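Engineer: Can you keep this structure in mind? I'll have questions shortly.
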Amino acid sequence: MKILLSFVTLSLIIFFVGCSSNRTLTYSKIEKEKEGFRTNEVKNRYIDYGILADESLKSLFKKNELPTKIIVTDFVDITSLDNHRKLGYVLSNNIKNSLINNYDISVVESEVSKFFKISGNGLKILSRDVDKLRSTNFNVQYAIVGTYTYSTNELIVFVKLIDLKTGIIKGSYANAFAMGEGTSMMLSTK
């Protein structure tokens, strides 16, 4: 009888403790948990910039013939169109790395072109005159240009493949990522 009473008491305690939990499940919480994402884990999110580069290039080239030479600009904040953050360099260098290693495309270093300049604020196109960019001295038909914007919770990256001879955007990629501590740090430092 004591065993049965102990068992019933223990069962009731477990039942009431479980019922008093402040964990309420809603449809959105269940969906997020199914995806392996919980809102309290956002700060520990990690963006694999190599995979981001690979995915963006697949998107850019899926309908286009692969160029033999290309130039890649540093990614800039869409608000200021300036690169004052580490993130812009990290994104563009991952694109360059993927182009060289996965596509065997020659990446023209911007410093060798008189129309491009690397400064403390990133890579700049020094001319808006399309005729100058079409000159035979330049000899690169495509540029990959990237921008990003961010909030407390997310980073949104845009990548475009631009035909420098026509100004036409030949391919485009956009994706949003949960903001993590590493990305926040790169956005706060040069």
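The values are calculated or read from the model by the stated rules, or taken from the named source; none is laboratory data. Treat the numbers as computed from the prediction; the structure is a model and nothing was measured. Don't worry about glycine lacking a Cβ; one is built from the backbone with ideal geometry, like all the others, and counts go over all protein chains shown. Remember, those area values only see protein heavy atoms, side chains included, never the ligands or the DNA or RNA. Shrake-Rupley method; radii C 1.70, N 1.55, O 1.52, S 1.80 Å.
Engineer: What residues have an amide H closer than 5 Å to that of Val140, excluding those fewer than 5 places away on the same chain, when H is modeled at 1.01 Å from N in the peptide plane?
Structural biologist: When sequence neighbours closer than 5 places are left aside, there are no close amide H contacts.
Engineer: Tell me the per residue accessible area of the stretch 135-190 using a 1.4 Å probe; a whole number in Å² is fine.
Structural biologist: Working: 2800 Å² over 56 residues.
Value returned for the stretch 135-190: 50 Å² of accessible area per residue.
Engineer: Where does each of Lys96, Lys170 land when they are ordered by accessible area, with a 1.4 Å probe and the largest first? Spell out each step's value before the answer.
Structural biologist: Details: Lys96 35, Lys170 85 Å².
Descending accessible area places them as Lys170, Lys96.
Engineer: Taking 0.36 nm per residue of sequence separation and subtracting the Cα-Cα distance, how much length would be gained by fully extending the chain between Thr152 and Ser184, in nm to one decimal?
Structural biologist: Working: separation 32, 0.36 × 32 = 11.52 nm, distance 0.84 nm.
Residue separation times 0.36 nm, minus the Cα-Cα distance, leaves 10.7 nm.
Engineer: How far apart, in nanometres, would the label points at Thr166 and Leu81 be if each is projected 7 angstrom from Cα along the Cα-to-Cβ direction?
Structural biologist: With each label point 7 Å from Cα toward Cβ, the separation is 2.3 nm.
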